[in-house]
Amino acid sequence: MKVFTAISELKEFLKSGRISAVREGKELQIGLVPTMGYLHEGHASLLRRARTENDLVVLSIFVNPIQFGPNEDLDRYPRDAERDLALAEHEGVDAVFMPSVEEMYPQPTKTKVAVAELTSKLCGATRPGHFDGVTTVVSKLFNIVAPNRAYFGQKDAQQVAVVAQMVKDLNFDIEIVPCPIVRENDGLALSSRNVYLSVGEHESALILSRSLKQLEADVYSGQATTVMEARQQLMQKIGSEPLAEIDYVEIAAFPGLTALQETNSLSSELKAHGAILVAVAVKFGTTRLIDNVLLTGKGEAIHV
Ligand code: AMP
């Protein structure tokens, strides 16, 4: 496994890989897994999927300052390069790209990539500028690595929708592969930020996966709950946890994130739209967690 901190050296490595493949009459298939590090099983699942579908797997680890707001956790974001490299090696990664902030942004960037509409909702409403930071850094990574496929977790469902829209709009020749949410045994969606949680907050946060799972079961069992009722029930369940401070509970069509007919049943809206995202963002203490369930009609693959 090679580790790169310089953009030019990573590009050189990928170029020589592509040339060798062409000499053998093949086209090198490259899979990119962009992360902010402090890797866990969720990241590992993306790496494994990338490993099965590509000749070469590139993992990027970069805590991207421009996607953090002024009062967010940039400075305390957890980091452990040594452990990350061991996990990457274990998952058969070929190249790790872990640039410094100076390498990625030698001067403050004057160019930003911004996706409209999709980014003003859900997390975009409470984290202004966040998705511009994401799409800008992802564009840079796409240009640096030029992968055939890029792997993103459905845990960040809005991010998947935004990046897929960007790829379509800007004609990136890259397949966006959404991957399912990986959870702890107790249901909590894995996140690097879970280390911030106290034992009590962790216990409290289980309300997110429990209430989303319940809603999913209700819809699939044919209950005629309306969109409005479903949102209210979620708000009420999550709100009943004393440590929970709700940022949002949203139900929207996926991947367009357009509003639904509030008085229609969720199942009829699901038929009309094909996929519906139920997404929540809730603070426990100082830690903001997100979780979601994507309703697709049982067992159907996600298309973005
Ligand atoms: P992050 O390092 O948090 O920016 O995440 C990097 C990638 O891993 C993103 O595409 C995330 O959606 C994905 N990811 C994070 N947590 C999970 C999880 N629990 N299950 C699946 N994918 C995840």
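Under the combined filter of DSSP loop state and at most 15 neighbouring Cβ atoms within 10 Å, the stretch 83-142 retains these GluC sites (Glu not before Pro): E117. Across the stretch 3-12, rounded Karplus estimates of 3J(HN,Hα) from the backbone phi angles (6.51 cos²θ - 1.76 cosθ + 1.60, θ = phi - 60°) give 10, 10, 10, 9, 4, 4, 6, 5, 4, 4 Hz, Gly and Pro being marked x.
Shown here for the stretch 3-63: chymotrypsin sites (Phe, Trp or Tyr not before Pro) in loop regions (DSSP other than H, G, I, E, B) with at most 12 other Cβ atoms within 10 Å, of which there are none. With Rh defined as the Kirkwood radius, the inverse of the mean 1/r over Cα pairs, the Rg/Rh of the chain is 0.97. Counting lysine pairs in the stretch 2-179 whose alpha carbons fall under 15 angstrom apart, excluding pairs fewer than 8 residues apart on the same chain, gives 6. Solvent-accessible surface of the stretch 1-57, averaged per residue with a 1.4 angstrom probe and all protein chains in place: 52 square angstrom. Per residue, the stretch 94-193 exposes 43 Å² of solvent-accessible protein surface, assessed with a 1.4 angstrom probe and all protein chains in place. Roughly how far apart, in whole Å, are the Cα centres of the stretch 89-110 and the stretch 39-59? Here the two parts' Cα centres lie 16 Å apart.
Considering only beta bridges that DSSP places wholly inside the chain, some 50 percent are antiparallel.
In percent, how large is the relative contact order of the chain, given Cα pairs closer than 8 Å and 6 or more residues apart? Once normalised by length, the contact order is 16 percent. Among the protein heavy atoms of the chain, carbon and sulfur supply 50% of the accessible surface, probe 1.4 Å, non-protein parts ignored.
For the pair the stretch 231-255 / the stretch 60-79, the C-alpha centres are spaced 25 Å from each other.
The values are calculated or read from the model by the stated rules, or taken from the named source; none is laboratory data. No experiment lies behind these values; they were computed from the predicted model shown. When we count neighbours, we look across all protein chains shown, and the Cβ atoms used for this are built from the backbone with ideal geometry, even at glycine. These accessible areas exclude ligands, DNA and RNA; they are computed on the full protein's heavy atoms, side chains included. Shrake-Rupley method; radii C 1.70, N 1.55, O 1.52, S 1.80 Å.
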